[in-house]
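What follows is one structure encoded as structure tokens, with my remarks underneath.
The values are calculated or read from the model by the stated rules, or taken from the named source; none is laboratory data. Since this is a predicted model, take the numbers as computed values, not measurements. Because the Cβ atoms are built from the backbone with ideal geometry, glycine has one as well, and the counts that use them run over all protein chains shown.
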Amino acid sequence: MRRAVLLMLACCGSALAHTEITRIVPGSGAVVSAPRAVTLDLSEPINLRFSQFWVYAVPAGQTPEQFAATVAPTKGCDAARIDTCPQLTGSAARLRLPLKPHLKAGAYVVVWHILSDDGHPVMGQSSFNVR
């Protein structure tokens, strides 16, 4: 019985894992000149139809974490977003979110809500600063 359980875990372990962001540029906590885009690498391809990504300037007096907690999942593009609200379709393991030009100095936060291939939602955020 024990051998059967170990075999099942060995065979199916990857199917139990949730999608993760494996790399993000600019990296979390990075201080950079105004980037033209944010790039996210994922641990596996995802269906972009069921996932959302936002980039916002962090309002004065809030931390990126506080602000990220207030971002509600929406399909629309509001004026506060600094990404260009690309229409994401298909599947991908790498995303490039173009940003509006000439970002001002300050803190920015990238927020994501991903639906893993196994059906589990994955949420997260990363922040960077523009000098």
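Details
- Of all residues in the stretch 32-54 being within 19 Å of VAL130 (Cα to Cα) and hydrophobic (A, V, I, L, M, F, W, C), the one that is modelled with the lowest pLDDT: TRP54
- Filtered residue count, the stretch 98-131, keeping only those that are in contact (Cβ under 8 Å) with a residue 24 or more places away in the chain and assigned to a strand (DSSP E or B): 20
- Annotation note: of ALA68, ALA15, the sole residue that is of a type in the set (A, V, I, L, M, F, W, C) and modelled with pLDDT of 85 or more is ALA68.
- Residue match in the stretch 79-97 (condition: out of contact with any Ser or Thr (no Cβ under 8 Å at 6 or more places or on another chain), in contact (Cβ under 8 Å) with a residue 60 or more places away in the chain, surrounded by fewer than 14 Cβ atoms within 10 Å (Cβ to Cβ) and not in a strand (DSSP E or B)): no
- Those residues of the stretch 100-131 which are loosely packed, with under 15 Cβ neighbours inside 10 Å and more than 8 Å from the chain's Cα centre (by Cα), in sequence order: LYS100, PRO101, HIS102, LYS104, ALA105, GLY106, ASP118, GLY119, HIS120, PRO121, ARG131
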